[in-house]
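All of the numbers you see were taken from the coordinates with simple rules; none came from a lab. None of these values were measured; they are calculated from a predicted model. All Cβ positions, even for glycine, are placed from backbone atoms using ideal geometry, and neighbour counts span all protein chains on display.
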Amino acid sequence: MRADRSHARRVRVFALAMLISVAAQAQSLPSPLVWPHQARAAVSLAYDDALDSQLDIAVPALNRHGLKASFYLTLGSDTVRERMAEWREVAAQGHELGNHTLFHQCAGSAPDRGWVSADNDLDTTRATQLVAQVRVGNTLLQALDGRQERTFAAPCGDLRASGEPYLQALKADFVAMKSAFGGVVADMQTLDPYAVGVEVVSDTTGAQLIALVERAAAAGTMVNITFHGVGGDYLAVSRQAHEELLHHLASHRAIYWTDTFVNIMQYVKAQRIPQAHRSQ
Ligand SMILES: [Zn+2]
């Protein structure tokens, strides 16, 4: 009897020691971000440059599958002026209208930038002027959708205007920014909301698009896919490849939380703040 009791005590002490060591390990590791509905990955689908094929093909496909996405409008473009009622409708359907500047200035000095006009060369646009233009962009977007919180996508991923970094001055104007490359986020806890990477897809197959979101599910993080043309326009992905991705996302909703970038990043920021407080 006595031996049994001392054995039981040793087991209890061992179990307690294990518990303390597991708890200590848990405290030292950053807890992984838990997605809504226990999804394994967040998916942000983005459509840049305000193109006709987005209104004609991408939006109806998204709506048919009940998926939400972000549309980064170049506000000076013809489609914004000519199809304004349709862009308004896109916002009313729950999609995000994001800011992609007024004139889509990119650095003319970067490789393969022969298409950059002298008027829209980021190398000769003052940073303060660009910041002012982006803020006018937000005013125009608010006139379209009535919202004050939105995100930004840096044209061409260029970060300097006349050699000056310009995003820093705009952080307070946006929830988050797509301003880097690389679509699958490595770690949600250390992700800079103002330097989120994107995978720019073009001539990509449905299987390749699905492989991208599966990588994010395996990592338990998020993926940012940036489209331009869908079944038309430039840097296009075929209507069929786009449809295959949407079908995959819609038929695996338990795995993928597909939403607007503003919704996803508001959620990420809200989840991370209490954790930062706890660790202090
Ligand atoms: Zn663009």
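For the range 65-72, in order, what is each residue's ³J(HN,Hα) by Karplus, 6.51 cos²θ - 1.76 cosθ + 1.60 with θ = phi - 60°, in whole Hz (x at glycine and Pro)?
Coupling constants for the range 65-72: 8, x, 10, 9, 9, 10, 10, 8 Hz.
Taking only C-alpha pairs under 8 Å that are 6+ residues apart, what is the relative contact order of the range 186-280 in percent?
So the answer I get is 28 percent.
How many nm separate the modelled label positions at Arg81 and Arg135, each set 7 Å beyond the Cα in the direction of the Cβ?
For Arg81 paired with Arg135, the spin-label model returns 2.5 nm.
Tell me, in nm to one decimal, what length is gained between Ala92 and Ala211 on full extension, where the rule is 0.36 nm per residue of separation less the Cα-Cα distance?
39.7 nm
Once you list every other residue whose beta carbon is under 13 Å from the beta carbon of Thr226, what net charge do they have if Lys and Arg are +1 and Asp and Glu are -1?
Summing Lys and Arg as +1 and Asp and Glu as -1 gives -2.
What fraction of the DSSP beta bridges in the chain is antiparallel, stated in percent and rounded to the nearest 5?
Percentage antiparallel, nearest 5: 10.
At R0 = 35 Å, how high is the FRET efficiency between Ala254 and Thr128 if r is their beta carbon distance? Nearest 0.05 is fine.
E(calc), rounded to 0.05, equals 0.15.
At 222 nm, what helix-only mean residue ellipticity would the chain give, in deg cm²/dmol to the nearest 500, using -39500 (n - 2.57) for each DSSP H run of four or more?
It lands at -13000 deg cm²/dmol.
Kindly write out, for the range 253-261 in residue order, the coupling ³J(HN,Hα) from the Karplus curve 6.51 cos²θ - 1.76 cosθ + 1.60 (θ = phi - 60°), rounded to whole Hz, with x marking Gly and Pro.
Values per residue, Gly and Pro as x: 5, 5, 8, 10, 9, 9, 8, 5, 4 Hz.
Just how large is the dipole of the chain about the Cα centre, in debye to the nearest 20, putting +1 at every Lys and Arg Cβ and -1 at every Asp and Glu Cβ?
2100 debye
Just add up the charged neighbours of Glu96: K/R +1, D/E -1, any other residue whose Cβ is under 12 Å from the Cβ of Glu96.
Around Glu96, the charge tally is +1.
Explain nothing, just the number: relative contact order of the range 33-189, from Cα pairs under 8 Å at least 6 residues apart, as a whole percent.
20 percent
If you plug each phi of the range 154-169 into the Karplus form 6.51 cos²θ - 1.76 cosθ + 1.60 with θ = phi - 60°, what whole-Hz ³J(HN,Hα) values come out, in order, with x for Gly and Pro?
Result, rounded to whole Hz: 6, x, 6, x, 6, 10, 10, 10, 6, x, 9, x, 10, 6, 3, 5.
Does anyone have the angle between helix 206-219 and the longest principal axis of the chain? Alpha-carbon axes, 0 to 90°, nearest 10?
40 degrees
Gain in length, Ala110 to Gln38, computed as 0.36 nm per residue apart minus the alpha-carbon separation, to one decimal in nm?
Value of the extension gain: 21.7 nm.
Listed highest first by mean packing, meaning other Cβ atoms within 10 Å per residue, what order do 160-171, 127-138 come in?
The most tightly packed comes first, giving 127-138, 160-171.
Considering the zone a paramagnetic label at Asp192 would reach in this model (a point 7 Å from Cα along the Cα-to-Cβ line), which residues of the range 76-118 have amide N under 18 Å from it?
Counting only backbone N, you get no residues.
Add +1 for every Lys or Arg and -1 for every Asp or Glu among the other residues with Cβ under 15 Å from the Cβ of Arg215, and state the total.
Result for the local shell: -2.
Can you report the principal axis dimensions of the chain using only the alpha carbons, biggest first, rounded to whole angstrom?
Reported extents, whole Å, longest axis first: 91, 41, 38.
Among Thr226, Thr151, which comes first, then next, by fewest other beta-carbon atoms within 10 Å?
Thr226, Thr151
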